[in-house]
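Peer 1: The following block contains the structure, expressed as structure tokens.
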Amino acid sequence: MRTTPVDLGAASLEEIVQRLLPELERSGIAAFWILDPDRCRGRYAGETLVIDGVLYCCRSWRAWNDLAGLLGCRLMTPERHDDRRLLLRMERISEDGFHRETGGEKYAPTSPFARIRKNEEPAFYLPYLRALKRLKVSKRRSILALGPNRGDELEPIFAKGFRGEVLGVDRCAEALREARTRFGNRLRTRIHDLNRLRELPPERFALILSIGTLQSPSIELKPLLMHLVQERITPDGAILLGWPNARWQDGELIYGARPRHYPFSELSLVIKDLFWIKKYLQQHKFRVVVTGREYLFLEATRIGVGSEE
């Protein structure tokens, strides 16, 4: 459905939202003219600029993109309207996503989840890569990967020169089969319930890695972490844990985790888990930092064993 563009070049943020919301509700898409953000370099959102006697309100590309995300939209490719204005369109993002899947194996290679390539999303890949660098992953002798699925988070590790061995523990046999195909004898795998990790042979690792697994309602977080710290990590070992603070939806990585039955982002459970884990690790002589945005990364190193930027 085509919409008639409105001129938002001089509008305040409140005015912009009030103009866009009814149109998005009506047709799912809104079109509007804005001042070219390239003209606003170095100016903060809301600062004004007069060009040939016409008043404009400045906003960066980042601000427009943030607005689209917070309104549940994507920005379409802009079009040049004249020498100072662009035509923008926002389109509502569908609610469909793998998070809504309830039948079958949610994380199997044939599931909607398999379409996701985390390493192609800058908001995941770059913070993850920096965390791996700080933890000196290329110098680690061994890694225990909890819930690695097909091994996407292992790919940057091997690419950065890791020469040790990884043990991947997951309950999805199909996903582990695909991971073994990718990494060969560099990866050992065990099909096992993480809540019963004690049943596996005693073995300690220089790095314990879990990305996007510990938030699962089926995971008994506190007993699992206690077991890892007390029985699975070497004296100089490190820990890297990751939580999605986003959702995958209609081809987009959308900021803000949304628990089931919540119509908005709600972080209290993640914050509660992070606070407990950080406190527990500090009690066991770990230095702990939390980084990231769309994905939150908790890095823990033994006090006295340095990390690097």
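Peer 1: Being over 15 Å from Ala131 (Cα atoms) and buried (at least 18 other Cβ atoms within 10 Å of the Cβ) is the filter here; which residues of the stretch 151-166 pass it?
Peer 2: Scanning the stretch 151-166 gives Gly151, Asp152, Val166.
Peer 1: Hey, another quick one. Quick check on my filter: what residues within the stretch 238-268 are closer than 24 Å to Leu146 by Cα, in contact (Cβ under 8 Å) with a residue 12 or more places away in the chain and out of contact with any helix residue (DSSP H, G or I) (no Cβ under 9 Å at 6 or more places or on another chain)?
Peer 2: The answer is Leu267, and nothing else.
Peer 1: Please report, ordered by residue number, the strands (runs of 3 or more DSSP E) entirely within the stretch 1-99 with at least 2 residues that are buried (at least 16 other Cβ atoms within 10 Å of the Cβ).
Peer 2: In the stretch 1-99, 29-35, 54-57, 73-75, 85-92 are the strands (runs of 3 or more DSSP E) which contain 2 or more residues that are buried (at least 16 other Cβ atoms within 10 Å of the Cβ).
Peer 1: OK, next. Quick one: is Ser142 at pLDDT 95 or above and either more than 16 Å from the chain's Cα centre (by Cα) or surrounded by fewer than 21 Cβ atoms within 10 Å (Cβ to Cβ) (or both)? Steps first, answer last, please.
Peer 2: Values: at pLDDT 95 or above: yes; either more than 16 Å from the chain's Cα centre (by Cα) or surrounded by fewer than 21 Cβ atoms within 10 Å (Cβ to Cβ) (or both): yes.
So Ser142 passes the test.
Peer 1: Quick check on my filter: what residues within the stretch 267-309 are under 30 Å from Gly69 (Cβ atoms), of a type in the set (D, E, K, R) and modelled with pLDDT of 85 or more?
Peer 2: Of all residues in the stretch 267-309, those under 30 Å from Gly69 (Cβ atoms) come to 267-278, 288-299, 309.
Filter again for of a type in the set (D, E, K, R), leaving 272-273, 278, 293-294, 299, 309.
Correct list: Lys272, Asp273, Lys278, Arg293, Glu294, Glu299.
Peer 1: Considering only residues that are closer than 30 Å to Pro202 by Cβ and of a type in the set (A, V, I, L, M), which ones fall in the stretch 224-271? Talk me through it step by step, then tell me what you get.
Peer 2: The initial filter retains those residues of the stretch 224-271 that are closer than 30 Å to Pro202 by Cβ, namely 224-243.
Leu224, Leu225, Met226, Leu228, Val229, Ile233, Ala238, Ile239, Leu240, Leu241, listed by residue number.
Peer 1: On the basis of being farther than 20 Å from Pro148 by Cα and at pLDDT 95 or above, does Pro235 make the cut?
Peer 2: So Pro235 fits the description; yes.
Peer 1: Does Val289 qualify as being over 13 Å from the mean Cα position of the chain (by Cα), among the aliphatic types (A, V, I, L, M) and within 17 Å of Val137 (Cβ to Cβ)?
Peer 2: Against the criterion (over 13 Å from the mean Cα position of the chain (by Cα), among the aliphatic types (A, V, I, L, M) and within 17 Å of Val137 (Cβ to Cβ)), Val289 qualifies.
Peer 1: Restricting to the stretch 240-252, name every residue that is in contact with a strand residue (DSSP E or B) (Cβ under 7 Å, 6 or more places away or on another chain) and closer than 15 Å to Gly212 by Cβ.
Peer 2: Residues satisfying the conditions are Leu240, Leu241, Gly242, Trp243, Pro244, Asn245, Ala246, Arg247.
Peer 1: Quick check, is Ser216 touching a helix residue (DSSP H, G or I) at 6+ places or on another chain (Cβ under 7 Å), surrounded by fewer than 22 Cβ atoms within 10 Å (Cβ to Cβ) and modelled with pLDDT under 95?
Peer 2: Details: touching a helix residue (DSSP H, G or I) at 6+ places or on another chain (Cβ under 7 Å): no; surrounded by fewer than 22 Cβ atoms within 10 Å (Cβ to Cβ): yes; modelled with pLDDT under 95: yes.
In short, no.
Peer 1: Which of the residues spanning the stretch 190-221 are under 19 Å from Pro259 (Cβ atoms) and charged (D, E, K, R)?
Peer 2: Glu220
Peer 1: Identify, please: which residue in the stretch 224-275 is of a type in the set (Asp, Glu) and surrounded by 15 or more Cβ atoms within 10 Å (Cβ to Cβ) and is, among those, farthest from Ile116 (Cα to Cα)?
Peer 2: Out of the qualifying residues, it is Asp273.
Peer 1: Residues that are without any contact (Cβ under 8 Å) to a residue 40 or more places away in the chain and over 19 Å from Ile277 (Cβ atoms), at least 1 per element: which strands (runs of 3 or more DSSP E) completely within the stretch 135-223 meet that? Explain how you work it out, then say what you get.
Peer 2: On the way: elements: 142-146, 165-170, 187-191, 205-211.
Answer list for the stretch 135-223: 165-170, 187-191.
Peer 1: Continuing with the same structure: Restricting to the stretch 48-107, and then to whatever is among the hydroxyl-bearing types (Ser, Thr, Tyr) and within 16 Å of Glu252 (Cα to Cα), can you tell me which residue is modelled with the lowest pLDDT?
Peer 2: Ser94
Peer 1: While we're looking at this one, here's another question. Please determine, by comparing only the residues of the stretch 258-294 that are in a loop (DSSP other than H, G, I, E, B) and in contact with a strand residue (DSSP E or B) (Cβ under 8 Å, 6 or more places away or on another chain), which one is nearest to Ile239 (Cα to Cα).
Peer 2: Lys285
Peer 1: Within the stretch 14-36, track down each residue that is under 18 Å from Arg59 (Cα atoms) and free of Cβ contacts under 8 Å to residues at least 40 places away in the same chain.
Peer 2: Within the stretch 14-36, Glu14, Glu15, Gln18, Arg19 meet the criteria.
The values are calculated or read from the model by the stated rules, or taken from the named source; none is laboratory data. Since the structure is predicted, the reported quantities are computational estimates derived from the model, not experimental observations. Methodologically, a virtual Cβ is constructed for each residue, glycine included, from the backbone with ideal geometry; neighbour enumeration extends over all protein chains shown.
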